[in-house]
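Here is the structure we will look at, set down as structure tokens.
The values are calculated or read from the model by the stated rules, or taken from the named source; none is laboratory data. Values in this document were obtained by computation on a predicted structure and should not be read as measured data. All Cβ positions, glycine included, derive from the backbone under ideal geometry; neighbour counts span all protein chains shown.
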Amino acid sequence: MTSTQQIPSVEDVRAALKDVHDPEIRKPITDLGMVKDVTVDDGVVTVAVYLTVAGCPLKDTITKDTRAAVGKLDGVREVRVELDVMSDEQRTELRKQLRGDSAEPVIPFAQPGSMTRVYCVASGKGGVGKSSVTVNLAVAMAQRGLSVGVVDADIYGHSVPRMLGAREKPTKVEQMIMPPQAHGVKVISIGMFTPGNTPVVWRGPMLHRALQQFLADVFWGDLDILLLDLPPGTGDIAISVAQLIPNAEILVVTTPQQAAAEVAERAGAIAMQTRQRIAGVIENMSWLETPSGERMEIFGSGGGRTVAESLSKSVGTEVPLLGQVPLDPRLREQGDAGTPLVLAEPEAQASEVLRDVAKKLSVRARGLAGKMLNLSPSGR
Ligand SMILES: Nc1ncnc2c1ncn2[C@@H]1O[C@H](COP(=O)(O)OP(=O)(O)OP(=O)(O)O)[C@@H](O)[C@H]1O
Ligand SMILES: [Mg+2]
């Protein structure tokens, strides 16, 4: 070599590659066995990278990030990225590394040591705003620095991906499903596995199996919070969740209307049968503020309070009314546009209430709020 300029060594390049993360697994490619080879030839660095799957949709990101990380080193004139695909053995090895060696996928959130707080967003009646509340809470919690996942457990309704603006499809690495992310939230929905908008007609046992798969086969990483958007009513899915994750807590959503409140109470009552904790009640569509600042109570008043008091009496401990979310046409518009209100209109009163509820729910009963919870995916 004739150049007098300092040229990085292969070790320097490998060290720089620690900054390149696999966009799905979110770990350095150097830790995942994804760096196949590095050669340095007079300022021209060639990095060969193994993709986890052929046709990986995120290969452009990996290529760009690799170029950027290596290009920063002194003396690098050019970075060439060559892509290859892992063999089956390499993928198996990766799966073992990520989720342990157990043959049967386990639900990490149901393991005794799990630090993930699981909330099921439930209601008796449809259309009260469960999905809207779920996506806004998820984004607000992510804004607080928490690692958040959402399962759209409404197998028939599945509106969560659209409300979150999650357009990517999940990818599969070995037996693991990598959830797409939107606004810092990981999300999985049955809608991602059905072509177009085909309605899904599944019976109870299949629903149970689908949910089990969402919870066990999806590689969630270390989550602080998992939110499940349940279908309305007290059906099969609620029972399945209770069986699969007994420590999941229930969030009851209701409107101020008394009739809705009575139905919501019944939805809450199922938690007593399954011995799940009720984390609280959220009243949605509480009022509409007119331009003159007046509050119009379109759906009546008192529903949230009624449900909270009645559930408190039944369970014998206080079930709080966590917040009253006003009606705001922007909440619907932004939901349709895929940008939850707390992001699109952070100053809106509804956003303030939702942020406040998110804050209350981010506090762990055992005082672990804000701590980095360093869990292995298998929850041990
Ligand atoms: N506070 C609010 N202000 C204005 N619109 C709202 C509000 N909350 C929800 N909506 C709108 O009401 C409709 C129903 O909300 P959403 O889909 O979140 O309810 P849901 O309980 O999940 O319904 P389903 O039972 O069908 O799953 C949506 O169009 C949503 O945008
Ligand atoms: Mg819904």
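Quick notes on this structure:
- Candidate set: the stretch 122-151, residues that are at positive phi and within 13 Å of ligand 2 (Cβ to nearest atom); chosen: the one modelled with the highest pLDDT: Gly129
- Any chance Asp88 is at pLDDT 90 or above, surrounded by fewer than 15 Cβ atoms within 10 Å (Cβ to Cβ) and assigned by TED's automatic domain parsing to the domain that holds Thr39: no
- Every residue from the stretch 312-328 that is at pLDDT 90 or above and either part of a loop (DSSP other than H, G, I, E, B) or among the aliphatic types (A, V, I, L, M) (or both): Glu318, Val319, Pro320, Leu321, Leu322, Val325, Leu327, Asp328
- Against the numbered list (1) assigned to a helix (DSSP H, G or I); (2) surrounded by fewer than 16 Cβ atoms within 10 Å (Cβ to Cβ); (3) in contact with a Pro (Cβ under 9 Å, 6 or more places away or on another chain); (4) aliphatic (A, V, I, L, M), Val353 comes up short only at (2).
- Enumeration of residues in the stretch 149-175 that are of a type in the set (A, V, I, L, M) and in a strand (DSSP E or B): Val150, Val151, Val173
Residue by residue, here is whether (1) modelled with pLDDT of 80 or more; (2) acidic (Asp, Glu); (3) surrounded by fewer than 24 Cβ atoms within 10 Å (Cβ to Cβ) holds:
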position: Ala242; (1), (2), (3): yes, no, yes
position: Asn247; (1), (2), (3): yes, no, yes
position: Val252; (1), (2), (3): yes, no, no
position: Gln258; (1), (2), (3): yes, no, yes
position: Ala264; (1), (2), (3): no, no, no
position: Gly268; (1), (2), (3): no, no, no
position: Gln273; (1), (2), (3): no, no, yes
position: Ile282; (1), (2), (3): yes, no, no
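- Restricting the stretch 152-167 to residues that are within 12 Å of ligand 1 (Cβ to nearest atom) and at pLDDT below 90 leaves a set whose member that is nearest to Ser240 (Cα to Cα) is Ala153.
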